[in-house]
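Working notes for the structure below.
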Amino acid sequence: MAHRMPAEWEPHEAVWLQWPHVSMRNTASYARRLQSTWLEMAAILSDHVLLRIAATSDDAAAEIERDCARFGVNMTRLELHAIPLDDVWARDVGPIFVKHADGRVIATSWNFNGWGQDAGNTSRDRLVPAIISQVCGLEMREGGIVTEGGAIEVNGTGTLMATRSSIINPNRNPGRSQMEIEVALTELLGASNFIWLSGAPSDACLRLGDATDFHIDLVARFVARNVVLANCTEDESDGRKPFMDRHIQELKRATDETGSPLEVIPLPAPRVLSVNTIRFSGTEGSIEPGATTDASYSNYLVTNGLVLMPAYGRPEDARAKAILAEHFPGRDVIGVSAITMTEQGGAVHCVTQQQPAV
């Protein structure tokens, strides 16, 4: 293959964040509720990897720089770039970085369309991959389908895992067959073997606090070539349980690119209800207090010497941390409070994007 998407545990040059700003969601309260979490993530990440922050303007970048310095961020590992933004979801709107056979890193863009639905104005976010490729001096290639970074999970050696509902869906790729979609993913990401999990219907996803049509980073993640962590629960009252159970059965029938069966490791799924009392204006993203969220420990980031995991103040936090530590030996496993993020439909993986080392 001419191009390959590296596994997330391979070395990184940098990690990208898109910083919350008062211009997002038409309300200052959205940014205020998130900024302390972003500062915490920045401080943790900058101890391990170069942190590249997209700020909505030069003025915003200067303010972020001051805040980061006061918060104890390692300023020698911080870059700020003024990039117009609509929101914070760097995983989905930013480029998916791949490596060419000659070792070059290339930025790829996948025609973001607001998760296949009306997500408000996303005109600025759709330009983020092109701007980042220019900032980094990288060639950019455009994928032949619509998808998002959170919908794609790879083991780095040829296997790609995704849910049908988040890609093979008329709200992303109308009229496109599974074969056509696989050809497009193979061309730029280097996949030779596909594991398609069912996902869930859009109405069920929205009822369960998810607006992505069940991105794979809410379902399962590779931790080695044929080892997968899969969300599970014994809570019969959790509306996600039937989908989790079905995904685990599908994973147990799947193989990697060598034909080896997958080892499926259960990862506890916390049931986290929203405590948000703020109704953000100009968005359908706000949820009522007590509503189900898409809280998931699989929404973690692996980078240089670190696993940054979402924490929810739940008993399952310790078990999830132990599982991640077992499968990523030699890396610090650090939790960051993710409830405020998750109330808005995502967690650590959704708001970060790794840039592989050359």
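Cβ crowding within 10 Å, taken as a proxy for footprinting-reagent exposure, orders E142, E65, E153 from fewest neighbours to most as E142, E65, E153. Stretching R126 away from N171 to a fully extended chain increases their span by 14.5 nm, per 0.36 nm per residue minus the current alpha-carbon distance.
Shape verdict for the chain, please, from the Cα gyration tensor: rounded (a/c under 1.5), prolate (a/b greater than b/c) or oblate. Judged from the Cα gyration tensor, the chain comes out rounded (a/c under 1.5). When only Cα pairs below 8 angstrom with a gap of at least 6 residues are kept, the chain shows a relative contact order of 21 percent.
Amide H contacts of A82 (H built 1.01 Å from N, in plane; Pro and chain starts excluded): A55 sit under 5 Å, all sequence-distant by 5 or more or on other chains.
The calculated FRET efficiency for the pair M140 and D67, based on their C-beta separation and a Förster distance of 30 Å, comes to about 0.45.
Using a simple spin-label model with pseudo-atoms 7 Å out from Cα toward Cβ, R164 and M75 lie 5.4 nm apart. Only Lys, Arg, Asp and Glu carry charge here, each on its Cβ (+1 for the first two, -1 for the last two); on that basis the chain has a dipole of about 100 debye about its Cα centre. Here the chain carries DSSP beta bridges of which approximately 40% are antiparallel, counting only pairs with both residues inside. Among C232, C350, C68, sorting on how many other beta-carbon atoms sit within 10 Å of each Cβ, with the fewest leading, yields C232, C68, C350.
Relative contact order of the range 92-179: 30 percent, from C-alpha pairs under 8 Å at least 6 residues apart in sequence. The phi torsions of the range 181-197, fed into the Karplus equation with coefficients 6.51, -1.76 and 1.60 and a -60° offset, translate into couplings of 5, 5, 4, 5, 5, 5, 4, 9, 9, x, 7, 10, 9, 10, 10, 9, 8 Hz, rounded to whole numbers, with Gly and Pro shown as x. The range 1-73 and the range 202-236 have Cα centres separated by 25 Å. For the pair A82 and L273, a Förster radius of 25 Å applied to the C-beta separation gives a FRET efficiency near 0.10, rounded to the nearest 0.05. Along the Cα-to-Cβ line of N111, 7 Å from the Cα, sits a label point; which residues in the range 142-160 have backbone N less than 14 Å from it? Flagged as within label range: 142-148.
Of all DSSP beta bridges confined to the range 283-358, the antiparallel ones make up roughly 35%. Based on the Cβ-Cβ distance of R207 and V183, what FRET efficiency does E = 1/(1 + (r/R0)^6) give at R0 = 25 Å, to the nearest 0.05? Efficiency for this residue pair is about 0.15.
Just so you know, all these numbers are worked out from the coordinates, no wet-lab data involved. Predicted model, so just to flag it, every value in this text is computed and none were measured. Methodologically, a virtual Cβ is constructed for each residue, glycine included, from the backbone with ideal geometry; neighbour enumeration extends over all protein chains shown.
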